[in-house]
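The values are calculated or read from the model by the stated rules, or taken from the named source; none is laboratory data. From a predicted model like this one, the values you see are computed outputs, not experimental measurements. Reconstructed Cβ throughout: ideal geometry from the backbone, glycine too, with neighbour counts over all protein chains shown.
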Amino acid sequence: MWAVAGVVGLALAVLVTSATVPRWWAHRVGDQVDGSITQGTTLGIVYGFVFTFLPIVAIMLILRWRRTWKTIATALAIGIVLALPNLMTLSIVIGRGNAAHAGDRILDVEAPAFRGGTLVGAIVAAALIVFMAYLMMSRDRAETKARRGDRQETAAPPPEAPTETRARRGP
């Protein structure tokens, strides 16, 4: 009975938030941008970068520390909370309900270029994380190789001795 009540409560919460959050978020962003394309782009890039970079780094650091199911659930919950601004913007962009369409119109008028800036910031953050992961993996490989002593010499190898000796002839 408690499980059914929990599922019903969760379903109601999702319905209420899907009807109110896109409009509310669009108004908050619109208040910050105030109709300026430059501010919309800049704020979008900052929001997209920060709220993509922080959740991914937090999840990676937590999972590097420990990997139990409770830790994984906690890491995902923390990541979702840190990514909420991007998720709310995404709910406006891909949403199909009336609140999403209203949020879309609000962003068009009050926060032009915010959505595009958010996309650019998110892509830059993801690319930076991939680059950092590459650097960390290559460093780990180099350290492992150095510990094993598999490093190849950079100097030229010594010349080999001739296998046959020729008799010297006089002048």
- Message: Being within 30 Å of M137 (Cβ to Cβ) and either of a type in the set (V, I, T) or touching a Lys or Arg at 6+ places or on another chain (Cβ under 9 Å) (or both): is that true of I37 here?
- Response: no
- Message: Can you confirm whether V120 is touching a residue at least 12 places away in the same chain (Cβ under 8 Å), out of contact with any Leu (no Cβ under 8 Å at 6 or more places or on another chain) and exposed (fewer than 12 other Cβ atoms within 10 Å of the Cβ)?
- Response: no
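Yes or no: G44 surrounded by 13 or more Cβ atoms within 10 Å (Cβ to Cβ), touching a Lys or Arg at 6+ places or on another chain (Cβ under 8 Å), under 19 Å from V120 (Cα atoms) and not aliphatic (A, V, I, L, M)?
It is true that G44 is surrounded by 13 or more Cβ atoms within 10 Å (Cβ to Cβ), touching a Lys or Arg at 6+ places or on another chain (Cβ under 8 Å), under 19 Å from V120 (Cα atoms) and not aliphatic (A, V, I, L, M).
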- Query: Of everything in region 47-67 that's surrounded by fewer than 14 Cβ atoms within 10 Å (Cβ to Cβ) and of a type outside the set (A, V, I, L, M), which residue is nearest to the chain's Cα centre (by Cα)?
  - Reply: R64
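Would you mind stating whether V4 is assigned to a helix (DSSP H, G or I), surrounded by 10 or more Cβ atoms within 10 Å (Cβ to Cβ) and either out of contact with any Ser or Thr (no Cβ under 7 Å at 6 or more places or on another chain) or not acidic (D, E) (or both)? Before the answer, list the steps.
On the way: assigned to a helix (DSSP H, G or I): yes; surrounded by 10 or more Cβ atoms within 10 Å (Cβ to Cβ): no; either out of contact with any Ser or Thr (no Cβ under 7 Å at 6 or more places or on another chain) or not acidic (D, E) (or both): yes.
No, not satisfied.
Would you check which residues across region 22-39 are of a type in the set (A, V, I, L, M, F, W, C), within 14 Å of T89 (Cβ to Cβ) and in contact (Cβ under 8 Å) with a residue 12 or more places away in the chain and list them? Quick ask: steps written out before the conclusion?
Narrowing region 22-39 to residues of a type in the set (A, V, I, L, M, F, W, C): 24-26, 29, 33, 37.
Next, from what is left, pick out any that are within 14 Å of T89 (Cβ to Cβ): 24-26, 29, 33.
Matches in region 22-39: W25, A26, V29, V33.
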- Message: On the basis of being in contact (Cβ under 8 Å) with a residue 40 or more places away in the chain and out of contact with any His (no Cβ under 8 Å at 6 or more places or on another chain), does A19 make the cut?
- Response: yes
- Query: Would region 125-137 turn up any residue that is within 22 Å of T89 (Cβ to Cβ), buried (at least 16 other Cβ atoms within 10 Å of the Cβ) and β-branched (V, I, T)?
  - Reply: no
- Given the conditions (1) within 20 Å of A100 (Cα to Cα); (2) assigned to a helix (DSSP H, G or I); (3) modelled with pLDDT under 95, report the number of the one that G35 does not fulfil. (2)
